[in-house]
Amino acid sequence: MDGNGRVDGNTAEAPLLEVRGLQKSFGDNHVLRGIDLEAPAGSVTVLIGPSGSGKTTVLRSLNALEVPDAGTVRVGDVAVEFGPALSGRALARAGARLRAQSGMVFQSHNLFPHLTVLENVTEGPVVVQRRPREQARTDGLALLERVGLREKADQHPFQLSGGQQQRVGIARALAVRPQIVLFDEPTSALDPELVGEVLAVMKDLAAEGWTMAVVTHEMRFARQVADQVLFLDGGVIVERGTPSAVLEDPREERTRRFLQRLIDPL
Amino acid sequence: MEESTWDLVRRSLLPLAQGMLEGTIPLTALSFVFGLALALVVALMRLSGVAPLVGVARFFVSVIRGTPLLVQLFLIYYGLPSAGFPLDPFPSAVIAFSLNVGGYASEVIRAAILAVPKGQTEAAMTIGMGRATTLRRIVLPQAARVAVPPLSNTLISLVKDTSLASAVQVTEVLRAASIIAGPTYEFFLLYGLAAVYYWVLCLVLSFAQTRAEARLDRFVAK
């Protein structure tokens, strides 16, 4: 590991991401009913499933934006056991430690509108991680170059297209040098012709060895890029495996019906 | 010798201007700055979710909004001395108006903070920010855009409310006018002139509001 969350070669140690027994209810709605998953460093995990299946809640549990009722989440050497015993300040601290391990890309980009594109990217490194401003600037410009937006550095988010905004969102997430990058339906809010440019960037990141967890409906992306695909329904992982196993030869009837509806919505 | 109306106006221009520069404007400026600082504290208390803080904030806002400003001013000017804290007219007025602005503006600031989308706070958390940093770097700059029009209202009301300070002997525009009007009985003329002074100041502030809004709207898609 070179400190950027990228992995050179294979590591036979514990998986980078490990989740055990995740439970979560919103009132009477039991959205997570015992989720277990693990992902080795450098792997791409794609979560699919119908809306309300709990896939986004799983993703948001990984950085404690959603606080599970029970279960453990471990990212790298930060492990947090959720439950009634963890609350108040201790919970806030545990959440912050988990979040320091990851970066996140949102469905509705959530870029900071009052900052320039470059400032959006350098805000975390400069303000939170206290890296030297010049260094953060250089790194930020390199990241923007990476997502093909070097020339937009001094513009503001509203001046960009949806696809460009989402690519800035990716650069912002990478800038804090996370162990794992979480993508919450990164292309769902985009016009169809803008989806490709975002997926292309994500595909490159996967090839570079970033560890990624992605909630998406883009089956082509899952097929081409994922190391494992998890199909969730009703708060449980119904089926998991390689993309070809889950997407092309699903064992479960529920998985088959879901995939069928994606191909033929009518 | 009979003094002409025109002479009286000319004789009054300077004292009223002095009342504006030494009374109305500093009174407004100080009260607004202290009031906004207090309003931010009260708004954050209300949003804290900590029951005692929320209770204190709600009580404060309720009292400020539910009692006349003139009564608040009298309570400070006449009440504090009897409690052993004698105060000059000007600082009494600054305290009373600051508390008043603090109460009203806290509701504006609270609403403006709540108007910033939750996704902004979440994004700030995912790049590692804590609550205080998120508030300072992400939420307040965006809340400012929402808050400027209603806070401008508060400011313009404050300009006119400072005329109440004449009741505790602060020499501002209205009192300067009264002092001249008394011996001459030219009440209509002098109070009319005072009204013009207030109006001009408010026009300038309205202009500044337009500028501030344009500035804060720069980075937002229309």
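The values are calculated or read from the model by the stated rules, or taken from the named source; none is laboratory data. These figures come from a predicted structure and were not determined experimentally. Ideal geometry is used to build each Cβ from the backbone, glycine not excepted, and the neighbour counts take in all protein chains shown.
A few remarks follow.
- Comparison of A:93, A:99 shows that the only residue that is surrounded by fewer than 15 Cβ atoms within 10 Å (Cβ to Cβ) and among the charged types (D, E, K, R) is A:93.
- Residues (under 15 Å from the mean Cα position of the chain (by Cα), surrounded by 15 or more Cβ atoms within 10 Å (Cβ to Cβ) and farther than 14 Å from residue B:96 by Cα) located in the range B:30-58: B:40
- Within the option set B:138, B:109, B:113, being facing chain A (nearest Cβ under 9 Å), among the β-branched types (Val, Ile, Thr) and either buried (at least 22 other Cβ atoms within 10 Å of the Cβ) or not in a loop (DSSP other than H, G, I, E, B) (or both) holds for one residue only, B:138.
- Residues that are touching a residue at least 24 places away in the same chain (Cβ under 8 Å), under 28 Å from residue A:224 (Cα atoms), outside any helix (DSSP H, G or I) and among the hydrophobic types (A, V, I, L, M, F, W, C) occur at least once in the range A:96-105.
- Meets criteria (among the charged types (D, E, K, R), under 27 Å from residue A:193 (Cα atoms), more than 10 Å from chain B (Cβ to nearest Cβ) and surrounded by fewer than 17 Cβ atoms within 10 Å (Cβ to Cβ)) for residue A:133: no
- Some residue of the range A:117-124 being of a type in the set (Gly, Ala, Ser), part of a strand (DSSP E or B), buried (at least 20 other Cβ atoms within 10 Å of the Cβ) and touching a Lys or Arg at 6+ places or on another chain (Cβ under 9 Å): no
- Residue A:127 falls short on exactly one of the conditions (1) among the hydrophobic types (A, V, I, L, M, F, W, C); (2) at pLDDT below 95; (3) under 21 Å from the mean Cα position of the chain (by Cα), and that condition is (3).
- Here residue B:133 passes the criteria (1) within 11 Å of another protein chain (Cβ to nearest Cβ); (2) buried (at least 18 other Cβ atoms within 10 Å of the Cβ) except the one numbered (2).
- Filtered residues of the range A:207-266 (kept if of a type in the set (Asp, Glu) and within 22 Å of residue A:24 (Cβ to Cβ)): A:233, A:239
- Checklist (1) surrounded by fewer than 18 Cβ atoms within 10 Å (Cβ to Cβ); (2) over 19 Å from the mean Cα position of the chain (by Cα); (3) within 23 Å of residue A:31 (Cα to Cα) applied to residue A:52, failing item: (2)
- Flag for residue A:151 being over 18 Å from the mean Cα position of the chain (by Cα), modelled with pLDDT of 95 or more and away from chain B (no Cβ under 11 Å): yes
- Considered as a group, the residues in the range A:168-222 that are in contact with a Phe, Trp or Tyr (Cβ under 6 Å, 6 or more places away or on another chain) and away from chain B (no Cβ under 14 Å) include one that is farthest from residue A:54 (Cα to Cα), and that residue is A:199.
- Any pair with Cβ under 6 angstrom, 6 or more apart, that starts in the range A:161-189 at a residue that is among the aromatic types (Phe, Trp, Tyr) and ends at one that is buried (at least 24 other Cβ atoms within 10 Å of the Cβ) and not in a helix (DSSP H, G or I): A:183/A:105; A:183/A:214
- A single member of B:215, B:136, B:145, B:175 is basic (Lys, Arg), under 27 Å from the mean Cα position of the chain (by Cα) and closer than 30 Å to residue B:87 by Cβ, and it is B:175.
- Residue in the range A:71-97 that is nearest to the other protein chains (Cβ to nearest Cβ), counting only those that are over 21 Å from the mean Cα position of the chain (by Cα) and under 20 Å from residue A:235 (Cβ atoms): A:84
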